[in-house]
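Just so it is clear, none of the values below were taken in a lab; they were calculated from the coordinates. This one's a predicted model, so the numbers in the text were calculated from it and none came from an experiment. Every residue, glycine among them, receives a Cβ derived from its backbone with ideal geometry; neighbour counts consider all protein chains shown.
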Amino acid sequence: MDAIIWVSNMALSLLEDSMPKQSKPFVVATEGMTIDGRAITRQQIEQMAKNYNPELYTGVCNLEHYLSLMPDSTFSSQGRVVSLSTETKNLFGADRLQLLAVVEVDEGVAALQDKWKKAFSSIEMVPNFLGSGQAYLTGLAFTDSPASIGTERIKFSSNAQGAECYSSAQQISVDFGAATPPANDPPGAEKTMMAALSEMLARVFGAGQQPSQQPQQPQQPQQHEFATIEQVKKLFGASAEQSAHLAGQVEKLTATVAATSASLAELTQKLSTQPSGAGIPPATGGQQYQQTDC
């Protein structure tokens, strides 16, 4: 049973890591002057909170007001603005209206926030949205240097047991009521719970959509393998015949060389036994010519 509970906790941990994280409302802007000399009016904050509708135009979260065209870039979209609201807080000696946002971001933003990197927010506002004369929030940047005062870090919600976890793609309800079967449950209760856990994992990771793997049939001997063996036998047989023929040719050539060597030795012997003084008489060229010694 402990192993089953451990697997359940691991599955939920993987589920939470793979899902976008939704925040609690946190302050992203405050009415009044910004630190760089601009101004955000109370009216603009009220209009942004009232007019914001993701179905009309979704505010995209980014880093430092830069949105890359490449989806795998560090500066690609970091999430989306879910909703906006307002509250009043006394800051710098005056009651000021603040704009609060609920965002849905990936785990990378949460990791940065934990390290106090890009921990604050800076709104992207269109003062005259679609020619309506109304302000509208079109984006939200995570930054280290916000222009508005009173901005806060993202506050993430911690899901309690029995709560429903939501993402933009699916809604999964996790019921922990049957995590530990009562003592009087039948012996098959653990198997039933394991089946439910398997079903939940299949829904999370899409395992139910994968076709079941068919057992592999034992492979039959390939005919071309036997053909190859026969070819090898023929090749070796032909090589043996060629080797025998070549050996016969070499034997004949050896006999010819031996006979030639014997003839050459005999000729050398004859030439070496002739008298050294014997010579050929000089030719006179006929009766009418005299020999000339030059």
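In Å, what Rg and Dmax follow from the Cα atoms of the range 20-157?
14.2, 45
Do any chymotrypsin sites (Phe, Trp or Tyr not before Pro) in the range 49-117 lie in a loop, going by DSSP, with at most 10 other beta-carbon atoms within 10 Å of their beta carbon, and if so which? Show your work: numbers first, answer last.
Working: sites: Tyr52, Tyr57, Tyr66, Phe75, Phe92, Trp116; in loops: Tyr52, Tyr57, Phe75, Phe92, Trp116.
Here the chymotrypsin sites (Phe, Trp or Tyr not before Pro) that fit, given the DSSP loop and packing criteria, are Phe92, Trp116.
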